[in-house]
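**Student:** The following block contains the structure, expressed as structure tokens.
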Amino acid sequence: MSPILAVRHVTKSFGGLKAVDDVSFNVEVGKIIVIIGPNGAGKTTLLNLISGFMPPDDGEVLFEGASLAGLPPPRIARLGLVRSFQIMQVFPDMSVRDVVTTAALLRLPMNAAAAYAEDVLADVGLAHKAGAKPPSLSLQDRKLLEIAKCIATRPKLLLLDEVMAGLTLAEAATPLALIRRMREQGLTFLLVEHVMPIVMDIADRIIVINFGRKVAEGSPREIVEDQAVRDAYFGEAIDAAH
């Protein structure tokens, strides 16, 4: 079976700095792939290139076998490739219900979008906060809202950029359970994450990025056993996950 996403020799420079340097990998349908690496390694830039928010200088991104070259983010989202952001992107004066309804309008007319938004909010555990404004939510609920927005667009592949950042391991359990449940329903995930216990718990495969280059790729066990990765980047963090 062909991968749902194929990243082929993608490169992006800013001035003389290569933020992403000849990165290639595949994402298979139904998998949870996690990208890890130090701050400034190029992880978010890579998501920007995949989702159309930046054009690559070289290389290409294929979604379901078709090139995404030149397509704007809304067109890419309509194809089924949707991403979240590290900082929640919402209109602060809209209710939680309206935020999710607006996302659902990508594919549905107004009445159907409103009904589907109610289903999504119930599914992620935010139905009781539907009338609240996003700034009033707890950090955990803001993370769930970010996922809910994405789910409401009915994606095939969901890119989540540090959606667990700032949460305790106990708080992260809720979005992790949601991601697993969505995967069981057929959704594919590409995550950027820093918290190694979370990464080791949820990843089918891990991609390690540093200085813009892919330096390792494999199963969680293979990454743990890669001494160069342990020594250079994670050491104690990976040890703590075991």
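None of the figures in this text is laboratory data; all of them are computed from the coordinates on show. All of these numbers come straight from a predicted model, not from anything done at the bench. Virtual Cβ from ideal backbone geometry, glycine too; neighbours counted across all protein chains shown.
**Student:** Given the conditions (1) within 17 Å of PRO175 (Cα to Cα); (2) touching a helix residue (DSSP H, G or I) at 6+ places or on another chain (Cβ under 6 Å), and given that HIS128 satisfies all but one, which numbered condition is not satisfied?
**Tutor:** Unmet for HIS128, out of (1) within 17 Å of PRO175 (Cα to Cα); (2) touching a helix residue (DSSP H, G or I) at 6+ places or on another chain (Cβ under 6 Å): (2).
**Student:** Related question: What are the pairs with Cβ atoms under 6 angstrom where one residue, in region 42-64, is closer than 11 Å to VAL7 by Cβ and the other, located anywhere, is assigned to a helix (DSSP H, G or I) and of a type in the set (Ser, Thr, Tyr)? Sequence gap at least six, or different chains.
**Tutor:** none
**Student:** Kindly list the number of the only condition in (1) in contact with a strand residue (DSSP E or B) (Cβ under 7 Å, 6 or more places away or on another chain); (2) crowded, with 22+ Cβ neighbours inside 10 Å that fails for ALA117.
**Tutor:** (1)
**Student:** Would you please name the residue that is nearest to LEU126 (Cα to Cα), looking only at residues in region 149-203 that are in a loop (DSSP other than H, G, I, E, B) and polar (S, T, N, Q)?
**Tutor:** Selected residue: THR153.
**Student:** Of everything in region 80-114, what is surrounded by fewer than 16 Cβ atoms within 10 Å (Cβ to Cβ) and in a helix (DSSP H, G or I)? Give them in sequence order.
**Tutor:** MET110, ASN111, ALA112
**Student:** Restricting attention to region 127-143, and to residues there that are of a type in the set (Gly, Ala, Ser) and over 20 Å from MET164 (Cα atoms), which single residue is surrounded by the most Cβ atoms within 10 Å (Cβ to Cβ)?
**Tutor:** ALA130
**Student:** Show me the strands (runs of 3 or more DSSP E) entirely contained within region 1-79 in which 1 or more residues are surrounded by fewer than 19 Cβ atoms within 10 Å (Cβ to Cβ).
**Tutor:** Fully inside region 1-79 and qualifying: 5-14, 17-27, 58-63.
**Student:** Let me ask something additional. Run MET196 past the list (1) in contact with a Phe, Trp or Tyr (Cβ under 9 Å, 6 or more places away or on another chain); (2) surrounded by fewer than 18 Cβ atoms within 10 Å (Cβ to Cβ); (3) not aromatic (Phe, Trp, Tyr) and report the number of the one that doesn't hold.
**Tutor:** Condition not satisfied by MET196: (2).
**Student:** Among residues belonging to region 204-223 that are aliphatic (A, V, I, L, M) and surrounded by fewer than 23 Cβ atoms within 10 Å (Cβ to Cβ), point out the one that is nearest to ASP22 (Cα to Cα).
**Tutor:** Result: VAL215.
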